[in-house]
Amino acid sequence: MSATVVLLFLASLAAAQGKALPNPDFTKGGRIPEGADHDWNLGATGARGWMHSDKLCTTDARQIAVTKVDQGSPAEGILAPGDVLLGVGGKPFAFDPRTELGRALTRAEAEGGRLLLSRWRAGRTEEVVLTLPVLGAYGAVAPYDCPKSRRILEQGCRALARRMSEPSYKPHPIPRSLNALALLAGGDPAHLPLVQREARWAAEFSTADFKTWSYGYVMMLIAEYAEATGDESARPGLRRLARESAEGQSAVGSWGHTFARPDGRLNGYGMMNAPGLPLTIGLVMARNAGVKDPEVQRAVERSLRLLRFYMGKGAIPYGDHAPWTETHEDNGKCGMGAVLFNLVGEAGPAAFFARMSLASHGAERDGGHTGNFFNMLWAMPALALQGPRASGAWMEEFGAWSFDLARRWDGTFVHQGPPEPDRDSYAGWDATGAFLLAYAQPLKKTVLTGKRPGLLPALETSAVDALIADGRGWSNKDRHGAYDRLEEKELLHRLGSWSPIVRERAAMALARRKSDVLPALIEMLRSSRVESGLGACAALAEFKAAAAAAVPALRESLNHPDLWLRVQAAEALAAIGPAAMAALPDLLRKIARAPTPEDPRGMEQRFLCFALFDRRGGLLKGAMEGVDRDLLREAVRAGLQNEDGRARGSLGVLFSRLSFEEIKPLLPAIHQAIVEPAPSGEMFADGVRLAGLDVLSKHRIREGIPLCLDILEIDRWGKQDRIKGALKSLEAYGAAAKPMLPRLRQLEKDLLAHREAKNLKPLIEQARELLRKIEGATGDVELRDLR
């Protein structure tokens, strides 16, 4: 697993990786742990309850502590806060009370409405019965040809319309847009006035906070409304939002928490696909609704170019990172990708991301960076592209019970959140529209619910079953057990899977058992199937130095027609380590090549930079003896122009390892990399700039003096490390830095006046100390000119 993937995974599961919370026994005086207040809606009972969770799983829980009961609900008078549920259907909870109760709810609504619960209260356990409305059973191809799904949609739309009619109705713009879209998709003419009102709100919408997150969904609402009704009144607002979104796109086709700066770079820590994909969908819908501005067309094409790269490689990741291979879905972005590429008529990526979405269920859907709202929202729109058998099988596997658990007794839905104690950014969100859009798919009233013919053929049962099976056998609590129980032959077979996630899991399992499979892996490398070669590379990378015998075959793979196979072969060579040094000239030559039309963003060069120069796992992390310096300089010079900040930053580790004569020819390129930061990878963009300043100051390069202050940008993210490093480099110039004294004094004033001044005290002291040192410095400093 690459360093980027590890960094992202640890960030997204930070809460789950901390100290385990106790699993209280409420029948013996146990209490809900302090701070762990994430409870669950318990379906149409009208009750909420708390369950123990560990590492995003509720499988260790055997009790549900009732936390709330709604007046007038089926649970009123039978359950009360403080009660403890110990089982359902006359049996104690055995493996996961959340799943067990969800499935029991589904059965009760199909079979007379009788829900039998084991209730503990004040030291006494007894069986109690809640009576739920009978909605029927989910059909085999639900929500298609399914009376229960239709009833849920009708009930939910009525309840949603009542809620939206209340004067206090002002939810977050995302669920607000989705709620209106759900009423439109529900097809009841009585609800059109409400949708019209919401479309007018959307046409006037603007915000100063997190525009990128809301604008995509607001644009979808306006475009869907205009297409469904022919009402032109909201189109000027749609054009305004589309133009703002297009103009706020970065130079590489991405968006972040906010729109890009005038220089085309993003603020904060850079690219985020969770808002970027809905923005692109919204722009495509706006274009189809008549917004023909050239900047909108350019923004769509830039974004599609960026997102196409992930087809066949993994889930669309958090930002400008490696493809995500931990799970088949990542915050719903594969579902978004399937819908987007279906909209623009590109069957290849639409099919891949739709398959990824179908293979993601259970524990894979439960998680999500800061919450799983989007993971649930975008599931069914992607599944529906693959036909009724796909949606029905997914519902049977996971959707039916989880949807029924989230549905309240009044027909609305709440965001359940992931099974973790905190870090849910969407807690309290109204999820009614998000869930109802799933049930509205058969009506095909809107673009998001299949109004236009899809590109993909409906999958047959055997194909659906295989894709569902690909998503089984993983949870955050037990990531390895299912694969460790497979036979070696089966693991080798799975290395050739269509799924990058299955390949990754099989590769890790083979490495854990230390099997003697190198001959088989080398044979797979030379297979005509790209997937087999990718699986072999993944396994060889896991075997590390023990895979040294595969180096010749991996070197052959560096010339494979498939870009990603070439990258994976390079990563496997890096993982093997010193025994793979014979491949170094090949890799350096590849990095030195200019980007091609096949790879306009230089992604192969980017990942090869990581494979060679990463300070932790790069092939060149050790000794430099015998490395061809001319080849090395050509590769570094080319890599310093890569548009990814982290790729450039990986090269910075070399600067201090080269003598002045060795690095002298590279100084102009290093200087340029400081002056013009990378257009993407903002989170890592300062790495090469600070490494460059360090080497310029070390060798007393005159042009580095003003750069030490030019790059400070005290209002930009990451200021602490950037200012600290730049001032340290300036200090190395001694008396030669005296011309910078006025700017240093101004820096001190700016830091003191900064809104975060109290957090910048160490930097203020550093600036003051540097002022004193430079003011008192004497003697001549011999400087070198860059030329």
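The values are calculated or read from the model by the stated rules, or taken from the named source; none is laboratory data. This one's a predicted model, so the numbers in the text were calculated from it and none came from an experiment. Here Cβ is always computed from backbone atoms with ideal geometry, including for glycine, and neighbour counts include all displayed protein chains. Note: areas computed on protein heavy atoms with side chains; ligands, DNA, RNA excluded. Shrake-Rupley method; radii C 1.70, N 1.55, O 1.52, S 1.80 Å.
What residue, of GLU662, GLU676, is charged (D, E, K, R) and either surrounded by 24 or more Cβ atoms within 10 Å (Cβ to Cβ) or in contact (Cβ under 8 Å) with a residue 12 or more places away in the chain (or both)?
Just a single option satisfies the conditions, and that option is GLU662.
If you filter the stretch 315-350 down to residues that are within 16 Å of MET220 (Cβ to Cβ) and assigned to a loop (DSSP other than H, G, I, E, B), you find that the one that is most open to solvent (accessible area, probe 1.4 Å) is VAL344.
Among the residues of the stretch 61-120, the one identified as polar (S, T, N, Q), over 34 Å from the mean Cα position of the chain (by Cα) and closer than 24 Å to LYS148 by Cβ is SER73.
Applying the criterion of being in contact (Cβ under 8 Å) with a residue 40 or more places away in the chain and among the β-branched types (Val, Ile, Thr) to the residues of the stretch 706-745, the residue that is least open to solvent (accessible area, probe 1.4 Å) is ILE723.
Considering only residues in the stretch 59-72 that are under 24 Å from TRP409 (Cα atoms) and either modelled with pLDDT under 95 or out of contact with any helix residue (DSSP H, G or I) (no Cβ under 7 Å at 6 or more places or on another chain) (or both), the one that is most open to solvent (accessible area, probe 1.4 Å) turns out to be GLN71. Remark: SER515 matches the filter, which requires a residue to be at pLDDT below 95, out of contact with any Phe, Trp or Tyr (no Cβ under 8 Å at 6 or more places or on another chain), open to solvent by less than 30 Å² (accessible area, probe 1.4 Å) and among the small types (Gly, Ala, Ser).
So that you can scan it fast, the table gives a plain yes or no per residue for (1) of a type in the set (A, V, I, L, M); (2) closer than 24 Å to GLU76 by Cα:
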{"position": "GLY123", "(1), (2)": "no, yes"}
{"position": "GLU127", "(1), (2)": "no, yes"}
{"position": "LEU132", "(1), (2)": "yes, yes"}
{"position": "TYR144", "(1), (2)": "no, no"}
{"position": "MET164", "(1), (2)": "yes, no"}
{"position": "SER168", "(1), (2)": "no, no"}
{"position": "LEU181", "(1), (2)": "yes, no"}
{"position": "GLU204", "(1), (2)": "no, no"}
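Only a single criterion out of (1) of a type in the set (A, V, I, L, M, F, W, C); (2) assigned to a loop (DSSP other than H, G, I, E, B); (3) within 21 Å of the chain's Cα centre (by Cα) is not satisfied by VAL291, namely (3).
Within the stretch 397-433, the set of residues being within 25 Å of GLU154 (Cα to Cα) and part of a loop (DSSP other than H, G, I, E, B) comprises ARG408, TRP409, ASP410, GLY411, THR412, HIS415, GLN416, GLY417, GLY428, TRP429, ALA431.
Yes/no per residue for (1) within 28 Å of ALA427 (Cα to Cα); (2) assigned to a helix (DSSP H, G or I); (3) open to solvent by less than 50 Å² (accessible area, probe 1.4 Å); (4) β-branched (Val, Ile, Thr):
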position: PHE95; (1), (2), (3), (4): yes, no, no, no
position: THR99; (1), (2), (3), (4): yes, yes, yes, yes
position: ARG103; (1), (2), (3), (4): yes, yes, no, no
position: LEU130; (1), (2), (3), (4): yes, no, yes, no
position: ALA140; (1), (2), (3), (4): no, no, no, no
position: ARG150; (1), (2), (3), (4): yes, yes, no, no
position: PRO167; (1), (2), (3), (4): yes, no, no, no
position: PRO171; (1), (2), (3), (4): yes, no, yes, no
position: ARG176; (1), (2), (3), (4): yes, yes, yes, no
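The lone criterion from (1) under 27 Å from ASP470 (Cα atoms); (2) in contact with a Ser or Thr (Cβ under 9 Å, 6 or more places away or on another chain) left unmet by PHE309 is number (2). Select from the stretch 205-231 the residues that are in a loop (DSSP other than H, G, I, E, B) and either touching a residue at least 12 places away in the same chain (Cβ under 8 Å) or not charged (D, E, K, R) (or both) and list them in ascending order. Within the stretch 205-231, PHE205, SER206, THR207, ALA208, PHE210, GLY230, ASP231 qualify. Among the residues of the stretch 126-160, those that are β-branched (Val, Ile, Thr), touching a residue at least 40 places away in the same chain (Cβ under 8 Å) and closer than 22 Å to ARG48 by Cα comprise VAL128, VAL129, THR131, ILE152. The residue of the stretch 612-629 that is modelled with the highest pLDDT, among those that are loosely packed, with under 14 Cβ neighbours inside 10 Å and farther than 20 Å from PHE684 by Cβ, is ASP628.
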